[in-house]
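For reference, the structure is listed below as structure tokens.
Where a number appears in this text, it was derived from the coordinates with a stated rule and is not lab data. Because the structure is predicted, anything quoted here is derived from the model rather than measured. With ideal geometry, Cβ positions are generated from the backbone for all residues, glycine too; neighbour counts draw on all protein chains shown.
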Amino acid sequence: MTTIIKRNNWAIWRDVIFALFVREIRTSFNDRLGLAWAVVNPLVFIFALSYMRGRMSGGETHTIPTFEFMMYGMLLIQLFLDVLMNSSNAIKKNKALFAFRQVQPISSIIATGAFYFVVKLAVYLLVLVIMYFLGMEFRIDDPFFIIINAVALWLIATSLGLIFAIAQCYVPEISKIQSVLTRPLFFISAVFFSMQDIPPEYWHYLDWNPILHAIELSRHAAYNTYSNEAVSEFYLFGSALVFTFFALSVYQISWKQAISR
Amino acid sequence: MIRLENVTKYYPSALGKQYIFDNVSFDIPSGHNIAILGSNGAGKSTLFRILAGSEYPNKGRIVTDLHLSWPVALTTGIHGQMTGAENARFIGMINGVADLDTYVNRVRQFAELGPKFDLPVGTYSSGMKPRLAFACSIGIDFDVYLIDEVTSVGDAKFRNKARKALTQKSKTANVIMVSHEMDELRHFCDSAIVLHKGQLTFYNDLEQGIAQYQAL
């Protein structure tokens, strides 16, 4: 008959997250456009925005090609928004699965978050390949740092998603507030502008936002000539740490009741 | 043995907290096939979900060293966009089944869904989904199966098959069952727990339990 492996807690966690991850792949791109949509959607945005910006400032924006300038802005804000939106819905969406005692809400958050991270990473690599075949020149001076930036941003998005997801279990209306709160992020996170477009005396209106730090730092990591004067890696990593700690604390005290309502 | 220790469970509502259990301590003895009896809304399904770890009590805890199934209700954990095979694989993975291919095959044979097994569950008829859910759980060896009305759905042929399989299982494992059909309960169970006004009472003899329940 069926043999059940006696697993320790870590092995159960790993198996569950893997199973949820596979399930996510299987169910996320289920319409006809499928996976292609995940690639085409940001590409269209990047082209449109870099075309507009390109008309204003020529082929280069503060020493980096406008296309890449837009690419880092667009991909990172989409990484943030996609991960935040999907992880904050993950608990509600997978509610039926918590019937299995092995499946805990945080596993579904991690699996969802990891899935959208992988999607964006794949899109990034694909865009680079397309640029290569189009004969566009590009530099990546510090690839390691770009990854670290993305991971820090991902941690912030997932942590916020976790907090919102838990909050939604208690107050369903939170999801409406969340969409109001996240809408402006696209416009204030240096997606299509640079801090260098803005006089330093106004920086303090914008530089509280860690997403902006992640985007500007990634541009700097790709082209060392691009100024990182307005932003700080310490602030980005610090925010990631604080958000993660806070989210895990909230989770620890409330997850059992959150799924028992 | 499954022990409930000072379990309090309520659901928040517009009319204040709706208590299902208020500081209940109770031992569910091992070695019995138990029918859970109670009127609608007495908390049978809630009890099931707490036992299985699908939900947690507001206070208190459940202590057991037995391997309990998930509460096998009509469509627990079945995803409409995935095929029957994928669903089975997912459930196997989560429960730590060693040989997934064999397990999926066994579910395929037991559920008898034919080619539909490889189509999305969303296309199944309402009688086919519980067949899949039941096949998934019976394919795994648990110490205790928590069965919620599942054996009373499906066509006559499948009900027979489910009965046989569950009877076979009940030689090596135990069943805790919720059903409103007394014949169903008489077939599988030897004892009963009557759930009334948040209190649990164990009856060693099923008939005694049923009599008590019908007198309520």
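The sole residue among A:Ile12, A:Ile25 that is surrounded by fewer than 19 Cβ atoms within 10 Å (Cβ to Cβ) and within 14 Å of another protein chain (Cβ to nearest Cβ) is A:Ile25. Taking the criterion of being β-branched (Val, Ile, Thr) and within 25 Å of B:Met177 (Cα to Cα), the residues of region B:56-103 that qualify are B:Ile62, B:Val63, B:Thr64, B:Val72, B:Thr75, B:Thr76, B:Ile78, B:Ile91, B:Ile94, B:Val97.
Out of the residues in region A:34-45 that are aliphatic (A, V, I, L, M) and surrounded by 12 or more Cβ atoms within 10 Å (Cβ to Cβ), state the one that is nearest to the other protein chains (Cβ to nearest Cβ). Checking each candidate, the answer is A:Leu35.
Considering A:Leu248, A:Leu206, A:Leu212, the condition of being more than 13 Å from A:Val151 (Cα to Cα), of a type in the set (A, V, I, L, M, F, W, C) and in contact with a Ser or Thr (Cβ under 6 Å, 6 or more places away or on another chain) is satisfied by A:Leu212 alone. The strands (runs of 3 or more DSSP E) falling completely within region B:99-204 that include 1 or more residues that are surrounded by fewer than 17 Cβ atoms within 10 Å (Cβ to Cβ) and of a type in the set (S, T, N, Q) map to B:199-203. Looking at this structure, is B:Asp65 out of contact with any Leu (no Cβ under 9 Å at 6 or more places or on another chain), of a type in the set (D, E, K, R) and under 30 Å from B:Asp27 (Cβ atoms)? When the stated conditions are applied, B:Asp65 passes them. Just wondering, is there one or more residues in region A:140-156 that are touching a Ser or Thr at 6+ places or on another chain (Cβ under 7 Å) and β-branched (Val, Ile, Thr)? Checked region A:140-156: at least one residue is touching a Ser or Thr at 6+ places or on another chain (Cβ under 7 Å) and β-branched (Val, Ile, Thr). Restricting A:Ile215, A:Ile253 to residues that are β-branched (Val, Ile, Thr), away from chain B (no Cβ under 14 Å), on the phi < 0 side of the Ramachandran plot and assigned to a helix (DSSP H, G or I) narrows the list to A:Ile215. Across region A:243-261, the qualifying residues are those that are closer than 23 Å to B:Lys17 by Cβ and free of Cβ contacts under 8 Å to residues at least 40 places away in the same chain, and the one among them that is surrounded by the most Cβ atoms within 10 Å (Cβ to Cβ) is A:Ser260.
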